[in-house]
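Below is one structure, written out as structure tokens; comments come after it.
The values are calculated or read from the model by the stated rules, or taken from the named source; none is laboratory data. Keep in mind that what you see is a predicted model, and the values were worked out from it rather than measured. Positions of Cβ are generated from backbone atoms using ideal geometry, with glycine treated the same way; all protein chains shown enter the neighbour counts.
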Amino acid sequence: MKPYSLVIHGGAGTILKSDMTPELENAYINGLEESLNDGYKLLEKGGTAVDVVRAAITALENNVLFNAGRGSVFTKKGVQEMDAAIMSGSDLAAGAVTGVRNVMNPIELAYEVMMNSNHVFLSGKGANDFAIKQGLKLMPDDYFFSKFRYDQWKEIRDSDNYYLDHTHQDITELMKDKKFGTVGAVACDVHGNIAAATSTGGMTNKKYGRIGDSPVIGAGTYANNLTCAISCTGHGEPFIRAVAAHDVSSLMEYKGLSLQDAMQEVVHHKLINLKGEGGMIGVDANGNTAMVFNSAGMYRAMQKSNGEKVIGIYKDNI
Ligand code: ASP
């Protein structure tokens, strides 16, 4: 049996221990652990990388602490519009959705697009209609509501600002008990197939049908058995301009870099040059893993068949 591994993230940004209460820290660790367990259980049983990342993301979407599915941030119009993407590295199949409302698990809709639509990317009403057609579970607005994110939005809704869910900027007070974000998962299964998935509510107060990097194949999400599976988190616009996830793959394919070195290059050089704050998680088809970020922290966790397991929040420690 080949080595297998799973890595997840719950968003990156200005995540500081000094802003965190022990209760909140525990809640995040539990949320990460639950998602890791859901995915890893499947991996151990021989589940496919695609099914493993779906399971890990579903747990995070259902957890109100994370900015994806339930607990997504509010747009300029005061509603939640969610984005998600999934990609399979064995055949380069991909599915993505943007501007989706009331779908309980946007990652399942992305999966349906990949498997059953003949398309890769669906948006807005078309994506919602497809969710209904495929019999996916819809939930009322109340289900997605979280008071913290509502207050966060109220604070800036009359401005043209939009905020990364995780970063202080000039709203330090408001962000004191902030809750962070976008979620992602990458896995390498027992057959050496890899997959990536990302799901998000995007950025608080985003407007005009803004689409971030998360559902854009090659920007926030990418998988190819020849190189790597990547899921990104951070300020989406620079990640799109950097074509960040695919850039890691290109450095591995054309320059022969390792997963870790390629991710370091993109996160610490290319993205920094574009003022792109955030990070990414990755696996390759040999089960190697990496978690790299240029922000103060990134909610992250990984588990490997060699027994290694890590859960982290801040730069140097948990
Ligand atoms: N990358 C996401 C976006 O720009 C936000 C995040 O990672 O929290 O929509």
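If you go through region 212-229 and keep only what is surrounded by fewer than 24 Cβ atoms within 10 Å (Cβ to Cβ) and either modelled with pLDDT under 95 or assigned to a strand (DSSP E or B) (or both), you end up with just Ile217.
Listed here are the helices (runs of 4 or more DSSP H) enclosed by region 40-145 that have at least 1 residues being without any contact (Cβ under 8 Å) to a residue 12 or more places away in the chain: 49-61, 124-133, 141-144.
Which residues, taken from region 182-211, are surrounded by fewer than 24 Cβ atoms within 10 Å (Cβ to Cβ), under 23 Å from Gly287 (Cα atoms) and out of contact with any Leu (no Cβ under 8 Å at 6 or more places or on another chain)? Scanning region 182-211 gives His191, Gly192, Asn193. The single condition among (1) in contact with a strand residue (DSSP E or B) (Cβ under 6 Å, 6 or more places away or on another chain); (2) closer than 29 Å to Arg157 by Cβ that Arg241 does not meet is (1).
A count restricted to region 1-39 and to residues that are assigned to a loop (DSSP other than H, G, I, E, B), closer than 28 Å to Lys275 by Cα and more than 16 Å from the ligand (Cβ to nearest atom) stands at 2.
Close contacts from region 196-217, counting a first residue that is farther than 17 Å from Pro238 by Cα and away from the ligand (no atom under 12 Å from the Cβ) and a second that is at pLDDT 85 or above and in a loop (DSSP other than H, G, I, E, B), with Cβ to Cβ under 9 Å and a gap of 6+ residues or different chains, come to Ala196/Gly89; Ala196/Cys228; Gly209/Glu81.
Condition check ((1) within 17 Å of the chain's Cα centre (by Cα); (2) buried (at least 22 other Cβ atoms within 10 Å of the Cβ)) across all residues:
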| position | (1), (2) |
| --- | --- |
| Ile29 | yes, no |
| Leu32 | yes, yes |
| Gly46 | no, no |
| Asn63 | yes, no |
| Asn67 | yes, yes |
| Lys77 | no, no |
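Among the residues of region 151-165, what is the count of those that are modelled with pLDDT under 75, in a helix (DSSP H, G or I) and more than 14 Å from the ligand (Cβ to nearest atom)? Steps first, answer last, please.
Residues of region 151-165 modelled with pLDDT under 75: 152-165.
Now narrow it down to the ones that are in a helix (DSSP H, G or I): 152-156.
Right, trim to more than 14 Å from the ligand (Cβ to nearest atom) and you get 153-156.
Result for region 151-165: 4.
How about region 238-260: which of its residues are more than 21 Å from the chain's Cα centre (by Cα) and charged (D, E, K, R)? Result: Glu253, Lys255. Look at region 220-240: where a residue is of a type in the set (Asp, Glu) and a partner is near the ligand (Cβ under 7 Å from one of its atoms), sitting 6+ places away or on another chain with Cβ atoms under 9 Å, you get Glu237/Gly212; Glu237/Asp213. Glu265 falls short of the stated requirement of being charged (D, E, K, R), over 17 Å from Leu60 (Cβ atoms) and either surrounded by fewer than 17 Cβ atoms within 10 Å (Cβ to Cβ) or under 15 Å from the mean Cα position of the chain (by Cα) (or both).
Residue-level analysis places Ile272 outside the set of residues that are crowded, with 17+ Cβ neighbours inside 10 Å, free of Cβ contacts under 8 Å to residues at least 60 places away in the same chain and of a type outside the set (Gly, Ala, Ser).
Would you please name the residue that is farthest from Ser250 (Cα to Cα), looking only at residues in region 272-318 that are of a type in the set (Asp, Glu) and within 19 Å of the chain's Cα centre (by Cα)?
Filtering region 272-318 for residues that are of a type in the set (Asp, Glu) and within 19 Å of the chain's Cα centre (by Cα), the one farthest from Ser250 (Cα to Cα) comes out as Glu277.
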